[in-house]
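Presented below is the structure to which this report refers.
The values are calculated or read from the model by the stated rules, or taken from the named source; none is laboratory data. As the structure is a computational prediction, the values presented were derived from the model and not from experiment. Because the Cβ atoms are built from the backbone with ideal geometry, glycine has one as well, and the counts that use them run over all protein chains shown.
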Amino acid sequence: MAYSTPMDSQAKPVSMSEALGQSETFLSFQEQISKVAPIDRPVLILGERGTGKELAAARLHFLSKRWQKPLVTLNCAALTPTLIGSELFGYEKGAFTGAGTRQIGRFEQASDGTLFLDEIGNIPMEVQEKILRVVEYGSFERVGASRPVQVDVRIVAAANVDLSLMAKKGAFKQDLLDRLSFEVIYVPPLRHRRSDILLLANHFASRMAFELGWEDIPELGNDAVRALQAYDWPGNVRELKNVVERAVYKSPVPEINAISFDPFSSPFGRLGSRPPAGSEQQAEPAAQDPPDLLPEANGLPLKDLSDKPLKEAVLILERFRLTSALAEARFSQKQAARILGLTYDQFRGLKKKHGI
């Protein structure tokens, strides 16, 4: 299920289908969200990068009494400190150079709904003062305005840093932290919900296969399963999604075995590195045409088909052409049929005949 909500400067879908899990840790986390969602109070969501804090905020909103009203997001890390205030509270025409028209801020956009402040630890202290006033009195003033604006907004905030430690160091306003933390929800990292890894991996693999037009659902081989379960996942669910999608699109067969965790690994070494002085670079071997062999016939050269009985030679050649076309078409059977000049039904019949 996907919900369209005003996110950042433009609306984008929030894919709730990625909020998957069956581990006790994940179910307990979801139960905490469900319990506090109907309570019309601020909620603070804390978690590592890639754990799904935005998904948790969306679930809080859509399980609340405000679910039919706007869910508006501001990524505080994406804006400079001077812009955050005008984005949140808006400004009047002529308030500063370039303010040609009145601009409605995120608080007004989220009226009667939910405002999700992502990476709230990046908000400067002077803006925190104004947010505190909105939380306490439900009013604020646009930049350049003299009259207050009244709003009814539920604030959900998120951070991947220790806000209580920031407050102790004077880097975050303690009064605001107290108001925002009616409930604090910690999003569990993926390494603490390992029984969900394969569930999520299969979900991401199936979605990627659908995007690529594959008709067969990819399967994770034993090597891939062991690698995914042994990895520590510092990037959490977001990293898992990238790793699995990359493995699917690079795989020549529906069974996924090769898993690469580092997309920056290069056969030429790290960028900027140089070979030691005086060392010789080995010349790359000249490219050679692949031998014209039939793997399905244990490496039998094509020319040797002439020594085979006609029926056997035809079967070998048919199977070779079918598997080659499937690999070329990324296992899209319709595309493979087009490559061979067959109808889809003819292709399916040959595929069944050879047990492919």
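Return yes or no: is Gly105 surrounded by 21 or more Cβ atoms within 10 Å (Cβ to Cβ) and in contact (Cβ under 8 Å) with a residue 24 or more places away in the chain?
Answer is yes for this residue.
Restricting attention to the range 1-22, and to residues there that are part of a loop (DSSP other than H, G, I, E, B) and either out of contact with any Lys or Arg (no Cβ under 8 Å at 6 or more places or on another chain) or at pLDDT 95 or above (or both), which single residue is farthest from Asp118 (Cα to Cα)?
Within the range 1-22, the match that is farthest from Asp118 (Cα to Cα) is Gln22.
Looking at the range 205-235, which of its residues are over 17 Å from Asn257 (Cβ atoms) and of a type in the set (Lys, Arg)?
Arg207
Evaluate the following for Ser206: is it of a type in the set (Ser, Thr, Tyr) and within 16 Å of the chain's Cα centre (by Cα)?
Considered against the rule, which asks whether it is of a type in the set (Ser, Thr, Tyr) and within 16 Å of the chain's Cα centre (by Cα), Ser206 comes out as yes.
Name the pairs whose Cβ atoms lie under 9 Å apart, with the first residue in the range 159-176 and over 15 Å from Met125 (Cβ atoms), the second of a type in the set (D, E, K, R), and 6 or more positions between them or separate chains?
Every condition considered, the pairs that remain are Ala159/Lys53; Ala159/Asp118; Ala159/Glu119; Asn160/Glu48; Asn160/Arg49; Asn160/Lys53; Asn160/Glu119; Val161/Glu119.
Looking at the range 35-52, which of its residues are under 23 Å from the mean Cα position of the chain (by Cα) and either over 20 Å from Asp178 (Cα atoms) or assigned to a loop (DSSP other than H, G, I, E, B) (or both)?
Across the range 35-52, the qualifying residues are Gly47, Glu48, Arg49, Gly50, Thr51, Gly52.
Would you call Gly50 of a type outside the set (Asp, Glu) and within 30 Å of Asn242 (Cα to Cα)? Break it down stepwise before answering.
On the way: of a type outside the set (Asp, Glu): yes; within 30 Å of Asn242 (Cα to Cα): yes.
Yes, satisfied.
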